[in-house]
Amino acid sequence: MTIGNIAAKVPMAGRLFDIERVRADFPTLQQQVHGRPLVYLDNAATAQKPRPVIEAIDHYYQWDNANIHRAVHQLSERATQAYEAARDKVQRFINAAQREEVVFVRGTTEAINLVAQSFGRNRLQAGDEILLSHMEHHSNIVPWQLLCEQTGAVLKVVPINDAGELRLDEYEKLLSPRTRLVAMVHASNALGTINPAREIIKLAHAQGVPVLLDGAQAVPHMPVDVQELDCDFYAFSAHKMVGPTGIGVLYGKGQWLEAMPPYQGGGDMILSVSFDKTLYNDPPYKFEAGTPHIAGAIGLGAAVDYLEALGMENVALYEQELSAYATEVLAQIPGLRFIGTAQEKVGVLSFTLEGVHPHDVGTILDHEGIAIRTGHHCAQPVMDRFGVPATARASFALYNTKAEVDALAAGIKRVGELLG
Amino acid sequence: MNELRDLYQEVILDHRKKPRNFRPMENADFQADGHNPLCGDRVTIFLKVHDGVIEDVSFQGEGCAISMASASLMTEVLKGKTSQEAEELFGRFHDLVTDNGTQGGEGVSLGKLEVLAGVREFPMRVKCATLAWHTLHAALEHKNQAVTTE
């Protein structure tokens with residue numbers, strides 16, 4: 001769907017949910033920083049957690065703490081049920097065809113590494129090509145470079161235009177009989193760009209090439225339907241979607257997960273072990289070695305519940321309106337240059353201020369109680385593409401408000417007064 | 001706001017706008033590159049050393065107000081110092097910006113470097129203030145590879 005267009009038709013998207021009630025759910029938002037109410041705009045790095053998520057984790061440790069899948073006692077049964085219920089919730093949330101296609105991992109980075117090693121290592125050989133884009137996060141570059149070192153495969157990079165949009169024409173040209181995999185970001189953390197995922201996947205599939213999407217910055221901000229996308233793999237992290245850190249998801253089509261060898265050995269990935277032969281468990285357990293982050297998975301399940309109660313369509317519309325407002329307000333500040341002006345964007349505003357280093361911007365805003373990110377956002381190739389060492393980045397979540405955008409704009413003006 | 005004013009003092013803002021000794025040096029005896037990969041600050045330090053005394057020092061680079069002012073101020077205080085005095089200054093400067101509470105004591109005077117004392121209220125910015133010094137250290141140690149503050 002074209003979120004931007006829908007947002008334009010709903011000028012009062014703020015009514016989609018009661019923003020003050022939502023804000024009240026987030027304990028961290030109720031504090032002051034340097035004597036000012038906290039304005040948290042570093043959501044692309046990690047989002048704050050609502051009370052139901054914190055309570056779900058608390059409940060697990062207070063009442064149900066036990067290892068899963070093995071013991072016959074009551075606590076283990078409860079823990080197992082809660083852990084597997086979280087898998088069902090995630091399956092529903094991203095509309096995976098089967099619950100077995102949802103693998104719990106530590107986060108997006110581990111999910112991508114898992115695919116690189118388990119899917120790629122046996123399948124790729126010298127001269128094969130992996131297609132990435134110029135807007136990838138380091139975590140969707142380095143695992144493929146490691147794979148290339150191991151197999152002799154090579155990376156091909158699809159260029160982006162000055163707005164920070166993928167050059168689809170170049171992508172088509174780069175797709176070749178040598179392409180074995182396309183690994184691309186769904187929404188860029190440094191630019192906000194939402195990639196035309198369906199188009200990317202259709203073109204790749206037409207050549208028989210599987211596609212992995214890095215969904216870390218997409219899942220928290222818009223409805224994601226892996227069957228509709230028809231992606232082969234989809235990676236995301238709980239902590240960016242109001243869930244806990246240290247837990248994330250690799251979605252993989254059943255056929256691939258069945259065919260892939262285990263990524264790590266030990267624990268639930270095993271059916272039986274003798275010194276002669278070990279029988280591996282079926283997916284998803286084949287990929288969940290060792291005691292998993294049980295509390296994290298349960299917290300992720302609670303985050304899914306929380307987001308579904310609001311409705312991801314509503315979240316998308318709300319954030320789009322907020323982001324459109326912020327773009328308008330910030331564009332009026334002299335010397336401010338946006339990095340990333342794609343037509344389709346999530347609520348990420350990356351910018352530079354003429355003559356001021358982003359770190360100075362970050363420090364001064366922090367003193368106004370405003371938390372933004374400054375630096376290269378683990379996307380150095382993007383910075384190189386736009387000829388900047390770093391940017392300041394304000395990124396929105398469902399609990400941010402227009403008043404906070406106004407505070408940000410006022411803060412940026414203070415930067416000019418102090419350092420201009 | 002007072003802490004911010006302490007951090008971004010007039011002297012610092014002045015050095016940021018007009019960095020001193022901001023030039024490459026031909027025939028430098030020592031030079032080293034410093035880099036803070038997380039913020040993108042880069043600095044190159046050039047040294048001319050004769051009989052253990054720093055005869056000339058210059059720098060080039062780009063970065064935030066703190067890193068650039070710190071590099072500029074550093075070049076101003078280093079001329080005429082011995083390598084050993086420079087290392088000693090680095091130690092005392094590090095204490096100054098990390099609030100180890102030794103400023104003012106005996107030894108080499110920090111002099112104008114004291115304007116960077118405000119950094120101690122901003123622990124995240126200590127790396128910015130010390131990047132040039134770490135790079136100087138590498139140059140004095142004859143290490144030609146790049147240093148980083150990560």
* Can A:D366 be described as charged (D, E, K, R), open to solvent by less than 30 Å² (accessible area, probe 1.4 Å) and not assigned by the TED database to the domain that holds A:A218? -> no
* Among the residues of segment B:117-141, which ones are hydrophobic (A, V, I, L, M, F, W, C), within 14 Å of chain A (Cβ to nearest Cβ) and in contact (Cβ under 8 Å) with a residue 40 or more places away in the chain? -> B:V119, B:F122, B:C128, B:A129, B:L131
* So which residues in segment A:124-153 are touching a strand residue (DSSP E or B) at 6+ places or on another chain (Cβ under 9 Å) and at positive phi, if there are any at all? -> A:G127
* A:T341 being more than 14 Å from every other protein chain (Cβ to nearest Cβ), in a loop (DSSP other than H, G, I, E, B) and open to solvent by 40 Å² or more (accessible area, probe 1.4 Å) -> yes
* **Qualifying residue in segment A:321-335 (condition: farther than 17 Å from A:N161 by Cα, open to solvent by 30 Å² or more (accessible area, probe 1.4 Å) and hydroxyl-bearing (S, T, Y))** => yes
* Structure fact -> If you go through A:E417, A:E404, the only one that is in a helix (DSSP H, G or I) and within 12 Å of chain B (Cβ to nearest Cβ) is A:E417
* Do you know which residues across segment A:219-244 are among the aliphatic types (A, V, I, L, M), buried (at least 24 other Cβ atoms within 10 Å of the Cβ) and at negative phi? -> A:V219, A:A235, A:A238, A:M241
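For (1) closer than 24 Å to A:G215 by Cα; (2) surrounded by fewer than 21 Cβ atoms within 10 Å (Cβ to Cβ); (3) in contact with a helix residue (DSSP H, G or I) (Cβ under 6 Å, 6 or more places away or on another chain); (4) at pLDDT 95 or above, each residue gets a yes or a no:
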| residue | (1), (2), (3), (4) |
| --- | --- |
| A:I19 | no, yes, no, yes |
| A:P27 | no, yes, no, yes |
| A:Q32 | no, yes, no, yes |
| A:L41 | yes, no, no, yes |
| A:P50 | yes, no, yes, yes |
| A:V53 | yes, no, yes, yes |
| A:D58 | no, yes, no, yes |
| A:W63 | no, yes, no, yes |
| A:T80 | no, yes, no, yes |
* Take A:F275 and decide whether it is farther than 30 Å from A:T193 by Cα, open to solvent by 10 Å² or more (accessible area, probe 1.4 Å) and in contact with a Gly (Cβ under 9 Å, 6 or more places away or on another chain). => no
* To do: Could you tell me whether any residue of segment A:381-388 is open to solvent by 20 Å² or more (accessible area, probe 1.4 Å), charged (D, E, K, R) and within 12 Å of chain B (Cβ to nearest Cβ)?
  => yes
* Structure fact -> The correct count of residues that are of a type in the set (K, R) and either in contact with a Lys or Arg (Cβ under 8 Å, 6 or more places away or on another chain) or within 14 Å of chain A (Cβ to nearest Cβ) (or both) in segment B:56-89 is 0
* Structure fact -> Here the residues within segment A:372-412 that are out of contact with any strand residue (DSSP E or B) (no Cβ under 8 Å at 6 or more places or on another chain) and charged (D, E, K, R) are A:D384, A:K402, A:D406
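Here is a yes/no grid of residues against (1) of a type in the set (K, R); (2) modelled with pLDDT of 95 or more:
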| position | (1), (2) |
| --- | --- |
| B:V57 | no, yes |
| B:Q84 | no, no |
| B:V108 | no, no |
| B:K112 | yes, no |
| B:G118 | no, no |
| B:M124 | no, no |
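Okay, residues lined up against (1) within 13 Å of chain A (Cβ to nearest Cβ); (2) open to solvent by less than 80 Å² (accessible area, probe 1.4 Å):
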{"residue": "B:D14", "(1), (2)": "yes, yes"}
{"residue": "B:N21", "(1), (2)": "no, yes"}
{"residue": "B:F30", "(1), (2)": "no, yes"}
{"residue": "B:G34", "(1), (2)": "no, yes"}
{"residue": "B:C39", "(1), (2)": "yes, yes"}
{"residue": "B:R42", "(1), (2)": "yes, no"}
{"residue": "B:L47", "(1), (2)": "no, yes"}
{"residue": "B:I54", "(1), (2)": "no, yes"}
* Asked: open to solvent by 20 Å² or more (accessible area, probe 1.4 Å) and under 30 Å from B:R120 (Cα atoms): does that describe A:H359?
  -> yes
* Structure fact -> Checked A:D268, A:D225, A:D230, A:D214 against criteria (charged (D, E, K, R) and at pLDDT below 95); the one match is A:D268
* Structure fact -> Note on segment A:365-380: residues at the interface with chain B (Cβ under 8 Å from one of its Cβ atoms), assigned to a loop (DSSP other than H, G, I, E, B) and small (G, A, S) are none
* To do: Considering every residue within segment A:245-260, establish whether at least one is outside any strand (DSSP E or B), at pLDDT 95 or above, under 30 Å from A:E321 (Cα atoms) and under 25 Å from the mean Cα position of the chain (by Cα).
  => yes
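The values are calculated or read from the model by the stated rules, or taken from the named source; none is laboratory data. What you see is a predicted model; the values in this text were computed from it and never measured. Note: ideal-geometry Cβ built from the backbone for every residue, glycine included; neighbour counts use all protein chains shown. Areas reflect the complete protein model, heavy atoms only, side chains present, ligands, DNA and RNA absent. Shrake-Rupley method; radii C 1.70, N 1.55, O 1.52, S 1.80 Å.
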